[in-house]
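**Q** There's a structure below that I have some questions on.
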Amino acid sequence: MGDNLDFASIEQEFKKPFKDDELGWRVLNSFKRNNKTYVNLAAYVDSRAIMKRLDSILGIDGWEDIYEEINDGFKCGIRIWITQDQSRIKWDGAPRTDFESVKGGMSNAFKRAANKWGIGRYLYDESLVSTELLPQRGNNGEYNYFQDKKKDLKGYYKVPVKSQKAKAPIEPPARDESDQELEKIFEGLNDYEYKLGLSNKPKLSVRIFNRANNITENLNVNQIDYIHNKASKAELKKYYLALRPLYNICMAANKFETSLDEVLKYAQIIKPEIEVTNVFSLLFQLTNDEVKQIFEIAETEYNNNKKHAM
């Protein structure tokens, strides 16, 4: 990293589009039209390309990745050194994957953390690309093989060329990343979302965010990065406060060594006017005092069970 490269310049370098040979393509779904089969493709950037970009901008000693195991997945933090004594870190996480669960989970967490820095973020705003699935490779361009055993589909699709049209989207004004309250909100949201399983439920995350902020129009679930990367501090705080009571209910189960279902029974006692079927039944329903009462019941039951065990 050059001595005269300021933080704003670093962020702009992060956000630049990737070259075609640095992108991969993922088949999201397939459909038929006029007796032909087509696939919808979404572009993604892999971990190696991200590492290469971090190295080229910051130097091999100018950044580091940090991992923590959390619930059924991993959190990754990417720390960048602005000066010898000053650094900033952004976190995100991902669940374990079905194949190579540890390696896959850590890799996905790393890519999501990089997205928090703006690396590859423009790809979320790109439209899907539809292309025909062919029985054989064509003569021009690069082709990838695709197979869907459930739908009995297999064939080759032509890899799109994005270099001529790939442009990073116009970003809203940058947040003040030195805002300590904002950092606490981000840290809290990371813990809340993973504890509540929202990382695998983007539609539910969007609905909660919208309701917390009285947004009536639908936020495109493909633009879920808006919540973490573009939403204002005020919007994030409302979302944070909406999730906090549910997170605390989950933590009561951990703290007092009982099941979440058991704690939800205590919540039903405190909230007899609603039907508590799962933790999300309590969304926008609990006051701080009511959460405290649920904790007190859980603690009492815990202490009673300890006495009986003696």
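The values are calculated or read from the model by the stated rules, or taken from the named source; none is laboratory data. Here the structure is a predicted model, which means the values were calculated and not measured. Ideal geometry is used to build each Cβ from the backbone, glycine not excepted, and the neighbour counts take in all protein chains shown. Just so you know, the surface numbers come from the protein's heavy atoms only, side chains and all, with ligands and any DNA or RNA stripped out. Shrake-Rupley method; radii C 1.70, N 1.55, O 1.52, S 1.80 Å.
**Q** Quick one: which of LYS16/LYS237; LYS15/LYS230; LYS116/LYS237; LYS19/LYS111; LYS195/LYS238; LYS184/LYS230 span more than 21 angstrom between C-alpha atoms? Can you show the working numbers first?
**A** Numbers: LYS16/LYS237 29 Å; LYS15/LYS230 14 Å; LYS116/LYS237 18 Å; LYS19/LYS111 17 Å; LYS195/LYS238 18 Å; LYS184/LYS230 17 Å.
With Cα atoms farther than 21 Å apart: LYS16/LYS237.
**Q** Between 0 and 90 degrees, rounded to the nearest ten: what's the tilt of helix 47-58 against the longest Cα principal axis of the chain?
**A** 90 degrees
**Q** Tell me the label only: which of [x] 34, 23, 17; [y] 51, 22, 16; [z] 40, 27, 19 is semi-axes √(5λ) of the Cα gyration tensor in Å as calculated from this structure?
**A** The value matching this structure is [z].
**Q** Report the equivalent ellipsoid semi-axes for region 1-75 in whole Å, largest first, defined as the square roots of five times the eigenvalues of the gyration tensor built from alpha carbon atoms. Mind showing how you got there, number by number?
**A** Numbers: eigenvalues 239, 74, 18 Å².
Each semi-axis is the square root of five times an eigenvalue, giving 35, 19, 10 Å.
**Q** Can you check what the net charge comes to around LEU286, using other residues whose Cβ is under 11 Å from the Cβ of LEU286 (Lys, Arg +1; Asp, Glu -1)?
**A** Values: positive: ARG244, LYS271, LYS292; negative: ASP289, GLU290.
Residues near LEU286 contribute +1 overall.
**Q** Let me ask you something else. Between ASP98 and LYS307, what is 0.36 nm times their sequence separation minus the Cα-Cα distance? Round to one decimal in nm. Please report the intermediate quantities before stating the final value.
**A** Details: separation 209, 0.36 × 209 = 75.24 nm, distance 4.24 nm.
The ASP98-LYS307 span can extend by a further 71.0 nm.
**Q** Quick one: dipole size for the chain, taken about the Cα centre, charges +1 on Lys/Arg Cβ and -1 on Asp/Glu Cβ, in debye to the nearest 20.
**A** Values: 47 positive and 47 negative charges, 292 e Å.
With only Lys, Arg, Asp and Glu charged at Cβ, the dipole is about 1400 debye.
**Q** Could you grab the relative contact order for the chain? Cα pairs under 8 Å, six or more apart, rounded to a whole percent.
**A** Values: 398 pairs, mean separation 38.6, N = 310.
Rounded, it is 12 percent for the chain.
**Q** OK, next. What FRET efficiency comes out for the pair SER281/ILE215, r = Cβ-Cβ distance, R0 = 25 Å, nearest 0.05? It would help to have the intermediate numbers written out before the result.
**A** Numbers: r = 22 Å, r/R0 = 0.87.
Efficiency computed from Cβ-Cβ geometry: 0.70.
**Q** Taking every pair of alpha-carbon atoms in region 248-310, what share in percent sits in each 5 Å bin, from 0 to the bin with the longest distance?
**A** 4, 19, 32, 24, 12, 5, 3, 1
**Q** Give the residue from ALA42, ILE82, GLY93 lying farthest towards the positive end of the charge dipole for region 26-94; charges sit on Cβ (+1 for Lys and Arg, -1 for Asp and Glu) and the dipole is referred to the Cα centre.
**A** ALA42
**Q** Between ILE66 and ASN34, how high is the FRET efficiency from 1/(1 + (r/R0)^6) when r is the Cβ-Cβ distance and R₀ = 45 Å? Nearest 0.05. Present the calculation step by step, with values, prior to reporting the outcome.
**A** Working: r = 51 Å, r/R0 = 1.14.
So, using R0 = 45 Å, E works out to roughly 0.30.
**Q** Now, a different point. If you fit an axis through the alpha-carbon atoms of helix 180-195 and take the longest principal axis of the Cα set of the chain, what angle between them do you get, 0 to 90°, nearest 10?
**A** For helix 180-195, the angle is close to 90 degrees.
**Q** Report, ordered by chain and residue number, the aspartates and glutamates lying within cross-link reach of LYS306, taken as a straight Cα distance under 19 Å and ignoring same-chain residues fewer than 8 apart.
**A** Reachable aspartates and glutamates: GLU257, GLU262, GLU296.
**Q** Return one whole number: the accessible area per residue of the chain in Å², for a 1.4 Å probe. Write out the running numbers ahead of the final one.
**A** Values: 18400 Å² over 310 residues.
So the chain comes to 59 Å² accessible per residue, rounded to a whole number.
**Q** For helix 233-255, report the angle its Cα long axis makes with the longest principal axis of the Cα atoms of the chain; keep it between 0 and 90° and round to the nearest 10°.
**A** 60 degrees
**Q** Now for a separate question. Considering the options GLY24, TYR194, PHE209, tell which one lies farthest towards the positive end of the dipole of the chain, charges being +1 on Lys and Arg and -1 on Asp and Glu at the Cβ, about the Cα centre.
**A** Result: GLY24, furthest along the dipole toward the positive end.
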